[in-house]
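Colleague: First the structure, which I've put down as C-alpha cells, then a few questions once you've had a look.
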Amino acid sequence: MTDVIIKLEGITRDYMMGAEQVRALRGVDLEIRRNEYVAIMGPSGSGKSTIMNMLGCLDTPSAGRYWLNGHEVSRMKDDDLARIRNREIGFVFQTFNLLPRASALANVELPLVYAGISGRDRRRRAETALHRVGLGERMHHKPNELSGGQRQRVAIARALVNEPSILLADEPTGNLDSTTSEEIMRVFGALHAQGQTVVLVTHEPEIATHAHRVVVLRDGRVDSDRATPPRATGVAA
Amino acid sequence: MPFFEAVILALSSIRAQKLKSFFSLVGVLIGVTFLIAVVSIVQGMNVYMTDKFADAMGGINTFQLQSRPGMTFGNVTEAMWKEWQRRPRITIEDAAYVEARVTTPARFSRESGTSAGVGYHGKMATGIDVFTVDAEFFRIKNWNIADGRAFSPQEVTAGASVVVLGGELADRLFDGAEPVGKTVTIGGLPHRVIGVVEKQGTLFGISLDKFAVTPITSPARLLTNRPHVIDDLQVQAIDPATMPAAVEEVTTLMRVRRGLKPNETANFNIATAQDALDQWGKISRILFLALPGLVGISLVVGGIVIMNIMLMSVVERTREIGIRKALGARGRDIMAQFVVESATLSFTGAAIGIATGLLLAFAVRALTPLPAAVAPWSIGLAVGLGILVGVVAGVYPARQASRLDPIAALGHE
C-alpha cells in the first residue's frame with residue numbers, strides 16, 4: 001500500500017476579497033495513499049474549505065502541483081477537470097446536495113449520465129450503489145420523502161457509483177443528529193474496509209477520530225499530520 | 001448527455017413549474033396561432049376561389065361582355081364611377097353583331113337579370129335572382145338539371161312563359177311536392193315550371209340556388225331592362241386555350257361597332273373569372289405580406305419572455321448547476337441542458353399554438369362563410385420557428401449557466 005493517489009506539492013491559493021488579497025493556502029505538501037482514511041481538520045479560516053475544493057478539482061492552485069491518481073490536475077482546463085471530477089472523485093456534502101425533484105435512483109444515476117453510460121447499465125449500477133449503502137428499498141423516493149440520514153446515504157451512493165479514486169466528504173454529519181452521525185460514519189468505515197480511499201474534512205474532533213490519520217491545517221499550512229489509533233467501537237457494516 | 005434524455009429532463013422541469021412555463025410560452029403560442037389560423041383561412045380561400053368561385057362564374061373559359069364592371073375589390077374613384085355611369089349599355093343588337101362575327105368556336109348567351117318575388121299558391125319568395133337568358137346558358141354555367149328539363153332554343157325564339165328554378169327556391173315554394181308542370185308567378189307574371197337545377201351549395205355563405213331562369217324572350221324579361229338593353233353577353237370559348245383569342249375578338253368587334261379610335265379607352269368591360277381570381281390574388285398577397293410581421297412580432301416577444309424566464313430559472317437553479325458540475329457536467333453539458341429546455345418550452349408553445357390555430361381556423365369555417373384548409377407547410381414552419389425561437393432565446397441564459405463557478409454555485413442558497 002505504497003501507491004500514492006493524491007500528491008500535493010507546494011500548493012498555494014490566493015484570491016481577492018474586495019481589494020484585499022487573501023492567502024488561503026500558503027504552501028501545502030501532502031501525500032495520501034490508496035485506501036487511507038484521512039481526516040483534514042482545522043479551525044475556520046485555516047484553509048480547510050480551500051483544500052477541500054482543491055482536492056475535489058473544483059478549484060485550481062495559484063502555484064504548486066497536484067497529482068490525482070497519476071493525472072496532473074493543477075494545470076488542467078475546465079472540461080478536463082469536469083472529467084476528473086466525474087471519474088476520480090465522489091463528493092459527499094454537508095447539505096447532501098441532492099436534486100430535489102429527482103428520485104434517489106435518478107440522483108445516483110447522475111454521475112453516470114455525465115460519464116456517458118446509458119440506459120440499463122446505468123440503472124443497474126445505481127441500484128447496486130444504493131444497495132451498498134442500505135437503501136435498496138427506497139430508491140424511488142424523492143429526497144423530501146427521506147430522513148436526513150437516508151438522504152446522506154443517497155449522496156454516498158451517488159459518490160460511489162462511478163468507483164472513484166477518492167471519496168471526499170465535507171462535514172458529512174454536520175446536518176445530522178448524533179445517532180444518525182454514527183450511522184453515517186459506520187458507512188464510511190465499512191467502505192474504507194472494502195478498500196475505498198476516504199478523505200474527510202471536518203471541524204469535529206469526535207468525527208475525526210473515525211479516521212486513521214488526521215491532518216490539521218492552520219493559517220494555510222499543514223500544522224500537524226499524525227496517525228490515530230483505530231477506535232475500539234469502529235468498523236461494522 | 002444524450003439528446004433524448006435532455007428533452008425528458010427539460011419536460012420534467014417544465015412540468016415542475018406548470019403555470020410559469022405556460023406564461024412563458026404564451027408569446028410563441030399566440031404567434032403560432034396567428035400563423036396557422038391566417039394561413040389556413042387564406043389557403044382555404046385560395047382553394048375556394050379557384051374551385052368554387054371560378055365555377056360559379058362559369059369556369060375559367062367564360063367571360064362577360066358588359067358595360068361596366070359588376071364586381072370590384074380595389075379602389076373605385078368617383079371619376080371612374082361617373083365614367084361607368086355614362087357608358088352606353090349593351091344591347092340585343094350588340095350581342096347579335098358580336099355573335100355573328102366571332103370566329104373562335106364559342107357558346108353565347110345574352111343575360112338580363114333582376115331581383116324579384118317568385119310566388120306559388122300564396123307562398124312568396126322575395127329577392128330571388130331572375131335571369132332571362134338564352135338556352136346555351138345552362139351549358140355555359142355547367143348546370144345539371146335535377147328534375148324536368150332546361151328550355152330549348154325554340155322556346156327562346158317563341159318567347160315561352162317557362163321557368164327553370166334553383167334547387168333551394170323549388171324547395172321553398174313546393175316543400176317536397178313536384179314543381180314541374182306547376183305555374184309560378186315572377187313579379188306577378190305567370191310562368192310554367194319545366195325543370196329544377198341541381199343544387200350548387202353556397203359561396204361565402206350565400207346560397208347559389210335561389211334563382212329562376214327564363215328565356216330572354218319570356219314575360220319576365222319586362223322586369224329586367226328596357227327593351228333591347230341587356231346586362232351582358234356571356235361568351236364561353238369551347239376550347240379553354242382559345243379563351244384569350246375570343247376575348248381579343250370580342251373586344252375588337254365592340255371597338256369597331258362603337259367606332260372607338262385606337263387611343264380611346266374602351267367604354268365597355270370584359271369580365272373574366274380570372275379577373276376576380278387576380279383580385280383575390282392581390283388580397284391574399286397583402287395578407288401574406290402582413291403575416292410575417294404579425295407572427296414575427298409575437299415570436300420576438302415570445303422569445304424575449306422565454307429568455308427572461310430562462311435567466312430567472314438559471315438563478316433559481318444555481319445550486320442544481322453547481323451539483324451537476326461537481327458531479328462531472330462540463331460547461332457544454334449545462335449549456336445543452338438549458339438550450340434544450342428553452343427549445344422544448346418554445347416547441348411546446350408552438351405545438352399548443354398549432355392546435356389552437358387549427359381550432360380557430362375550423363371554428364371560422366364552422367361559424368362563418370369563410371372556408372379554411374390546413375397548409376401542411378405552415379405546420380412545418382410553425383414547428384421550425386418554435387424550436388428556433390427557443391434555441392435563440394436559450395443560448396444567452398444557457399451560456400450564463402454554463403459559466404457559473406461550481407464552488408460559488410454550490411454555496412448558493
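Colleague: For region A:1-51 and region A:164-209, what is the separation of their C-alpha centers, rounded to whole Å?
Modeller: 19
Colleague: Considering the dipole of region B:273-413 built from charges on the beta carbon (Lys and Arg +1, Asp and Glu -1) around the Cα centre, which of B:ALA409, B:GLN337, B:GLY357 is farthest to its positive end?
Modeller: B:ALA409
Colleague: Further question on the same structure: So if I place +1 on the C-beta of Lys and Arg and -1 on the C-beta of Asp and Glu, and nothing else carries charge, what would the dipole magnitude of the protein assembly as shown be about its Cα centre? I want it in debye, nearest 20. Walk me through the numbers before you get to the answer.
Modeller: Numbers: 69 positive and 63 negative charges, 64 e Å.
That gives the protein assembly as shown a dipole magnitude of about 300 debye.
Colleague: Further, regarding this structure: Calculated from DSSP H runs of 4 or more alone, at -39500 (n - 2.57) each and per residue, what is the 222 nm mean residue ellipticity of chain B, nearest 500? Can you show the working numbers first?
Modeller: Values: 14 runs with 220 residues, N = 413.
It comes out at -17500 deg cm²/dmol, rounded to the nearest 500.
Colleague: Follow-up question, since we're still on this one. Distance between the C-alpha centers of region B:337-413 and region B:1-24? Whole Å please.
Modeller: For region B:337-413 versus region B:1-24, the Cα centre distance is 12 Å.
Colleague: Along the charge dipole of chain A, Cβ charges K/R +1 and D/E -1, which of A:HIS140, A:ILE84, A:THR173 sits furthest on the positive end?
Modeller: Projecting each Cα onto the dipole axis, the largest value belongs to A:HIS140.
Colleague: Please give the charge dipole size of region A:107-237, origin at the Cα centre, charges +1 on K and R Cβ atoms and -1 on D and E Cβ atoms. Round to the nearest 20 debye.
Modeller: Values: 17 positive and 16 negative charges, 104 e Å.
In total the dipole reaches around 500 debye.
Colleague: A follow-up question, please. Write down the percent of antiparallel bridges among all DSSP beta bridges whose residues are both part of region B:88-267, to the nearest 5. Provide the component values of the computation, followed by the final result.
Modeller: Details: 30 of 39 bridges.
Approximately 75 percent, going by the DSSP bridge assignments.
Colleague: Sticking with this one: At the nearest 100 Å², what buried accessible area, both sides summed, do you get for A and B when the probe is 1.4 Å?
Modeller: For chain A against chain B, roughly 1900 Å² becomes buried.
Colleague: For chain B, with a Gaussian network of springs between Cα atoms less than 10 Å apart, report the residue from B:LYS199, B:LYS20, B:LYS210 with the top mean-square fluctuation.
Modeller: Residue with maximal mean-square fluctuation among B:LYS199, B:LYS20, B:LYS210: B:LYS20.
Colleague: If you don't mind, there's one more thing I want to ask. Return the Rg/Rh ratio of chain A with Cα-based radii and a Kirkwood Rh. Write down the numbers at each step before the final one.
Modeller: Numbers: Rg = 17.5 Å, Rh = 18.2 Å.
Radius of gyration relative to Kirkwood radius: 0.96.
Colleague: On a 0 to 90° scale, report how tilted helix B:92-101 is relative to the longest principal axis of chain B, with both axes built from alpha carbons and the result rounded to the nearest 10.
Modeller: 80
Colleague: Moving on. Considering only B:VAL314, B:GLY281, B:THR252, whose Cα is most displaced toward the positive end of the charge dipole of region B:184-315, charges sitting on Cβ of Lys, Arg (+1) and Asp, Glu (-1)?
Modeller: With unit charges placed on the Cβ atoms, the residue in question is B:THR252.
Colleague: Charges only on Cβ, +1 for Lys and Arg, -1 for Asp and Glu: so what's the dipole of chain A about the Cα centre, in debye to the nearest 20?
Modeller: In total the dipole reaches around 560 debye.
Colleague: Now for a different question. For chain A, what is the mean residue ellipticity at 222 nm derived from helices alone (per DSSP H run of n ≥ 4: -39500 (n - 2.57); sum divided by total residues; nearest 500 deg cm²/dmol)?
Modeller: Values: 7 runs with 77 residues, N = 237.
Rounded to the nearest 500, it is -10000 deg cm²/dmol.
Colleague: Looking at region B:205-287, which GluC sites (Glu not before Pro) are in a loop (DSSP not H, G, I, E or B) and have at most 11 other Cβ atoms within 10 Å? Can you show the working numbers first?
Modeller: Working: sites: B:GLU248, B:GLU249, B:GLU264; in loops: B:GLU264.
Taking region B:205-287 and a limit of 11 other Cβ atoms within 10 Å, the loop GluC sites (Glu not before Pro) found are B:GLU264.
Colleague: What does DSSP give for the protein assembly as shown in terms of the percent of beta bridges that are antiparallel, rounded to the nearest 5? Each step should come with its number before you reach the end.
Modeller: On the way: 63 of 89 bridges.
Approximately 70 percent, going by the DSSP bridge assignments.
Colleague: Once amide H atoms are built 1.01 Å from N in the peptide plane, which residues 5 or more positions from A:VAL28, or in another chain, come under 5 Å H to H?
Modeller: Here A:GLY10, A:ILE11, A:THR12 satisfy the definition.
Colleague: Take the alpha carbon atoms of region B:134-163, find their center, do the same for region B:242-318, and report the distance between the two centers in whole angstrom.
Modeller: A separation of 38 Å, based on Cα centres.
The values are calculated or read from the model by the stated rules, or taken from the named source; none is laboratory data. Everything numeric in this text was worked out from a predicted model, so none of it was measured. Cβ coordinates were reconstructed from backbone atoms using ideal geometry, including for glycine residues, and neighbour counts include every protein chain displayed. For the accessible areas, the whole protein counts, side chains as well, though only heavy atoms, and no ligand, DNA or RNA atoms are used. Shrake-Rupley method; radii C 1.70, N 1.55, O 1.52, S 1.80 Å.
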